[in-house]
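Notes follow once the structure below has been shown.
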Amino acid sequence: MIEKLRIFLALFYVVVCSLVLVPLQILSMKTGLWPETVILKIWHSMILRALGMRVHVTGSLAKDRPLLVAANHISWTDIMVLGSFVDVKFIARADMEGWPLIGMLSKLQRTVFIERERKRTSGDQASEIAKRMAKGDAMVLFAEGSTGDGNLVLPFKSTLFGA
């Protein structure tokens, strides 16, 4: 019974915070009144709090731009952790753009969606990532192209490193 109540309260917290933060993020994207990543960091931190996760950070992200971060992808919580501490944008597979709720939230993050199956467009996709980095965005690429269990690094998909 306690577990169900805790889950309900966590979901309620996520919904209420999202109902406040999503409009603020849209306003930020349209007006530029404050940096977009301010709301994103708050939202990612709120998700971590709802999950009961504590994160300990060692080191910091390089300040120089352009910056492409190649990261090992273990679960969707990787995005919450990175998004709560550093100003980054993500690179995700194209089918996620159409996912209910996740697609909308990814667009609010200004995620770059790539089509891995269409090899002929990889140059255009790398160019899009390069443009975003040239504008100062630090981009996160989960270079394995999939999630793993974290015990070993899967082979990297090197196509987008051309950005």
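Give me the residue from the range 1-42 that is among the hydrophobic types (A, V, I, L, M, F, W, C) and in contact (Cβ under 8 Å) with a residue 40 or more places away in the chain and, out of that set, surrounded by the most Cβ atoms within 10 Å (Cβ to Cβ).
Leu40
Within the range 44-97, can you find the residues that are in contact (Cβ under 8 Å) with a residue 40 or more places away in the chain, among the β-branched types (Val, Ile, Thr) and part of a loop (DSSP other than H, G, I, E, B)?
The answer is Ile74, Val86, Val88.
Quick one: which residue in Thr147, Thr111, Thr77, Thr121 is hydroxyl-bearing (Ser, Thr, Tyr), at pLDDT below 70 and under 17 Å from the mean Cα position of the chain (by Cα)?
Going through Thr147, Thr111, Thr77, Thr121 in turn, the sole match is Thr147.
Looking only at residues in the range 43-56 that are among the hydrophobic types (A, V, I, L, M, F, W, C) and touching a helix residue (DSSP H, G or I) at 6+ places or on another chain (Cβ under 6 Å), which one is nearest to Lys89 (Cα to Cα)?
Trp43
The values are calculated or read from the model by the stated rules, or taken from the named source; none is laboratory data. This one's a predicted model, so the numbers in the text were calculated from it and none came from an experiment. A quick note on method: Cβ atoms are made from the backbone with ideal geometry, for glycine too, and the neighbour counts reach across all protein chains shown.
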